[in-house]
Amino acid sequence: MKKTTRRNLLKTKLLIPIIITGAITATLGILTQTPKNNNMKERQTRTTTNTIKLPPPRTDGPISLEQAILRRRSRREYTDTPLQLTQVSQLLWAAQGITEPKVWIGLRSAPSAGGLYPLEIYVAVKKGGVQELEPGIYHYKPREHELELLIKGDFSEQLMTACVEQEWVRDAAINLVFTAVVERTKRRYGERGWQYILQESGHAAQNVYLQAETLGLGCVVIGAFYESEIEKILDLPSGEIPIYVMPVGSLK
């Protein structure tokens, strides 16, 4: 019995270092593992060769942040003056542009719970709305800072109808449509993810408001719309829902 006990003790002493070493190795493996790029994995990609590289955004504006906050208003009256591509570029960068490309999947201009970035932005350009763009529905790609043309045509009238006949939607040079791929956030946070998505859309929209002021443009946030109609116009994939519509135009 004594010999058996000694053998068991010896085996235990030999196994303990092996177990500890294995546990440490596994832990280090977890810590050094590259985070999964959930954002890119779940992105609703659409094959298109029609992409437009946007001009690089400016990081110095004509007015101070304090002045932009002071002037910020919801503006619904626009002229027919077309926007410049540089202005569209600046608005999109303010909403969801990459501000730190070297960190994980790229940090953006608006905060996001868990860095999951559920928001997508579409740009509905009406005929003559932007000097360098043909009318159509475009999708913004933050990492490349590009627009991809998804659907050709002027959808300003259809968007106005979908937004309960609010005429400033029709009159705007462009309409920014914020959507959310809900599962990106809900997969980690469950039902509370809805709250985080709505918070994030507010952050991004306020950035657009402030950027519009620095560019001398007007914009307004619209939450009154028929979701199903917006989904049809944008041809949204399953699981992606509209959150905001933001008309943007030159001020009268």
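The values are calculated or read from the model by the stated rules, or taken from the named source; none is laboratory data. Everything numeric here is computed off the predicted structure, so don't read it as measured data. Note that we place each Cβ from the backbone using ideal geometry, even for glycine, and neighbour counts take in every protein chain shown.
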- [ ] Quick one: in region 100-140, of everything that is closer than 21 Å to Ile52 by Cβ, within 14 Å of the chain's Cα centre (by Cα) and surrounded by fewer than 21 Cβ atoms within 10 Å (Cβ to Cβ), which residue is modelled with the lowest pLDDT?
- [x] Gly106
- [ ] Go through the residues of region 210-233 one by one and say whether even a single one is under 24 Å from Asp60 (Cβ atoms), in contact with a Cys (Cβ under 6 Å, 6 or more places away or on another chain) and surrounded by 14 or more Cβ atoms within 10 Å (Cβ to Cβ).
- [x] yes
Task: Which numbered condition Ile151 fails, given (1) crowded, with 21+ Cβ neighbours inside 10 Å; (2) more than 27 Å from Pro101 (Cβ to Cβ); (3) not small (Gly, Ala, Ser) - done: (1)
Open item on the list: Quick check on my filter: what residues within region 200-246 are within 15 Å of Ile121 (Cβ to Cβ) and either of a type in the set (Ser, Thr, Tyr) or outside the structural domain of Ile137 (by TED's automatic domain parsing) (or both)?
Closed with: Ser201, Tyr209, Tyr244
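Of the residues Glu148, Glu157, which is among the acidic types (Asp, Glu), farther than 27 Å from Trp194 by Cβ and without any contact (Cβ under 8 Å) to a residue 60 or more places away in the chain?
Details: Glu148 fails: without any contact (Cβ under 8 Å) to a residue 60 or more places away in the chain.
Of the residues listed, the single one that is among the acidic types (Asp, Glu), farther than 27 Å from Trp194 by Cβ and without any contact (Cβ under 8 Å) to a residue 60 or more places away in the chain is Glu157.
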- [ ] Consider only pairs whose beta carbons are under 6 Å apart and that are at least six residues apart or on different chains; among these, list those whose first residue lies in region 51-63 and is in contact (Cβ under 8 Å) with a residue 12 or more places away in the chain and under 30 Å from Lys152 (Cα atoms) and whose second residue is of a type in the set (Asp, Glu) and not in a strand (DSSP E or B).
- [x] none
Open item on the list: List the helices (runs of 4 or more DSSP H) inside region 19-98, counting only whole elements, that have at least 3 residues being at pLDDT 65 or above and either among the aromatic types (Phe, Trp, Tyr) or in the same structural domain as Tyr122 (by TED's automatic domain parsing) (or both).
Closed with: 65-71, 85-96
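Among what's in region 154-197 and is among the basic types (Lys, Arg) and over 30 Å from Thr81 (Cβ atoms), pick the residue that is surrounded by the most Cβ atoms within 10 Å (Cβ to Cβ).
In the first step, residues of region 154-197 are kept if they are among the basic types (Lys, Arg); the result is 170, 184, 186-188, 192.
Keeping just the survivors that are over 30 Å from Thr81 (Cβ atoms) gives 184, 186-188, 192.
Details: Arg184: 25, Lys186: 19, Arg187: 13, Arg188: 14, Arg192: 12.
Ranking the candidates gives Arg184 first.
From the residues in region 174-200 that are part of a helix (DSSP H, G or I) and among the hydroxyl-bearing types (Ser, Thr, Tyr), which one is nearest to Tyr138 (Cα to Cα)? Steps first, answer last, please.
Initially, region 174-200 is screened for residues part of a helix (DSSP H, G or I), giving 182-200.
Within this subset, residues satisfying the condition of being among the hydroxyl-bearing types (Ser, Thr, Tyr) are 185, 189, 196.
On the way: Thr185: 24, Tyr189: 30, Tyr196: 25 Å.
Restricting to residues being part of a helix (DSSP H, G or I) and among the hydroxyl-bearing types (Ser, Thr, Tyr), the top hit is Thr185.
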Task: Qualifying positions in region 222-246 - out of contact with any Pro (no Cβ under 8 Å at 6 or more places or on another chain) and assigned to a loop (DSSP other than H, G, I, E, B) - done: Gly223, Ala224, Tyr226, Asp235, Pro237, Ser238, Gly239
